[in-house]
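Written out below as structure tokens is the structure these notes cover.
Please treat every number below as a calculation from the coordinates, not as lab data. Just so we're clear, the structure is a prediction, and the values are computed from it rather than from any experiment. Here the Cβ is made from the backbone with ideal geometry for all residues, glycine too, and neighbour counts use every protein chain on show.
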Amino acid sequence: MPKLNRSYPLIFFFIVAVSATVRPHSGIPTPQLKSTPIPRGATTGGISIPLRRRAVFTNSAGVFDKTKALAATVATQNKHRQNLINLEKNKGRAAFNAGAVIKPVATIPTDILDELIKLKLKRQAEPLTDENQDVEWAGPISIGTPPQNFIIDFDTGSSDLWVPSAACTSSVCSTKSKFSANSSSTSALQTGTFQIEYGDGSQVTGPIYTDTVNVAGVGAAKQTFSAVTTLSPSFEGDPADGILGMAFPSISNLRQNPFFTSAHAEGTVPTNAFAFFLSQNNSELYLGGTNPALFVNGTLEFHAINPKSGFWQIPGASAKVDSTVAVTNFETIVDTGTTLIYGPPDAVKTLYAAIPGSAVFDATNGLYSFPCDSVPNVAFNWGGLDRSITADNFNLGLTAVGSSACVGALVGLDLGLGTGIWLLGDSFMKNVYTVFDFNKTAVGFAGIAV
């Protein structure tokens with residue numbers, strides 16, 4: 001896949017005159033708040049950052065791309081495995097959700113790995129073909145003095161920032177922008193090593209630094225991050241150079257504040273909240289409040305989270321199929337770094353049982369199908385409005401060429417995050433405008449402007 005053109009899109013700045021105080025994370029569970037409507041314009045402005053969209057798991061023939069979906073699922077499993085390892089080191093097992101367990105490293109099945117190798121060879125043979133639009137919710141940042149530019153995947157399901165190092169000489173790093181500590185007058189090497197393990201047996205590892213990090217004018221003067229010297233082949237062909245985590249400090253591998261927490265503490269962002277608008281076009285990360293032009297009806301509905309686990313985790317959820325409430329009283333982690341929706345296998349089985357004509361597509365991997373001509377209206381609710389998933393976002397494609405069955409974006413898989421914990425990725429988030437508010441200790445949803 002060709003390197004992204006680094007002529008960055010126009011960034012819009014919004015001026016505000018509002019002050020906010022930092023409320024430190026206490027690790028104490030917050031009681032569930034009643035869903036609170038917030039009038040349009042009540043939230044503060046901030047800075048808008050255009051994002052490039054993530055790939056979908058549907059090939060050019062309209063068929064579900066199981067190879068890519070399963071590879072992404074393994075990456076999701078191992079990301080959250082690492083989060084639990086980090087949480088245990090930082091806060092102890094007492095911070096775990098009930099039933100949470102650190103599972104063994106998930107591995108990519110041999111047949112899937114072989115298929116991925118074939119796809120890699122095909123990309124190498126046809127370097128100008130972007131057959132799967134393999135991009136993420138990524139945008140530009142800079143690190144160092146003078147600034148070194150990177151394209152970053154903004155991830156609410158993790159808490160660390162890392163980019164490739166100039167010392168990384170592998171083929172995976174050859175298409176990436178790389179950080180040179182020697183070229184930055186503000187760079188400072190720290191003690192320790194950053195390390196994450198991936199399902200193909202590889203790792204992302206590197207030294208730890210502090211330096212100036214800037215995202216569209218929002219800056220942190222001494223932000224901790226890693227410049228990785230080894231990069232997993234899992235990132236081959238990925239147009240993002242690295243990841244910027246936006247969850248809570250308690251799941252940080254670096255054991256430091258994430259970028260947004262640092263930026264707000266330094267007063268470079270007006271409000272201690274950020275928001276995502278994810279869509280086919282014109283996706284946006286908004287730092288320091290909300291962009292009212294992107295949500296409808298003039299309201300946001302906030303739901304208190306339990307930050308003890310380190311995630312943007314909302315309790316009190318239910319799931320519906322059309323008018324039928326299928327599953328109740330579970331918790332949801334909202335994760336921009338994940339594409340699909342994952343729930344406990346038994347709960348997901350119960351939900352699909354409420355969908356007429358649904359069937360098991362792949363029992364081993366928790367995949368289900370449904371009649372393509374009758375896409376169900378699946379919705380989540382936290383005590384307020386239903387948040388429905390559109391047909392386009394629930395449908396991952398045909399089970400096979402000529403089939404009348406399609407694969408659903410809801411997967412039955414135990415990620416080890418705890419009893420009754422669901423993970424809501426892009427397939428859900430593309431249906432709502434989502435606000436992550438540290439001061440309210442809450443996540444807000446609104447209908448998106450079409």
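Treat the count of other C-beta atoms within 10 Å as a stand-in for reagent exposure and order 210, 224, 399, 324 from fewest to most.
Listed from fewest to most nearby Cβ atoms, that is 324, 210, 399, 224.
Once you've got the Cα coordinates, tell me which of 103/440; 68/103; 79/430; 66/440; 68/430; 222/430 are over 30 Å apart.
Pairs exceeding the cut-off: 103/440; 66/440; 222/430.
With 5 Å bins from zero, work out the P(r) of the stretch 161-244 over every alpha carbon pair and list the percent per bin.
Histogramming the stretch 161-244 at 5 Å steps yields 3, 15, 26, 26, 16, 10, 3, 0 percent.
As a footprinting exposure proxy, order 187, 158, 48 by other Cβ within 10 Å, with the fewest listed first.
Lowest count first: 187, 48, 158.
Suppose the chain between residue 365 and residue 390 were pulled fully straight at 0.36 nm per residue; how much longer would it get relative to their current alpha carbon spacing?
6.7 nm
What FRET efficiency comes out for residue 265 versus residue 193 if R0 is 25 angstrom and r is the Cβ-Cβ distance? Round to the nearest 0.05.
Efficiency, rounded to the nearest 0.05: 0.45.
Could you tally the net charge around residue 94, taking each other residue with its Cβ under 12 Å from the Cβ of residue 94, Lys/Arg +1 and Asp/Glu -1?
Neighbour charge sum, excluding residue 94 itself: +2.
Which whole-Hz ³J(HN,Hα) couplings does the stretch 71-85 yield from phi under the Karplus relation 6.51 cos²θ - 1.76 cosθ + 1.60, θ = phi - 60°, glycine and proline marked x?
Those phi angles translate into 4, 5, 5, 4, 4, 5, 4, 6, 4, 7, 4, 5, 4, 5, 4 Hz.
Can you find, among 162, 227, 188, the residue farthest towards the positive end of the dipole of the stretch 161-244? Put +1 on the C-beta of Lys and Arg, -1 on that of Asp and Glu.
188
How large is the direction-averaged shadow of the alpha-carbon convex hull of the stretch 140-210, in nm²?
5.5 nm²
Run the paramagnetic zone check for residue 61: 7 angstrom along Cα to Cβ, then residues of the stretch 401-442 with backbone nitrogen under 20 Å.
The answer is 401-408, whose backbone nitrogens lie closer than 20 Å to the label point.
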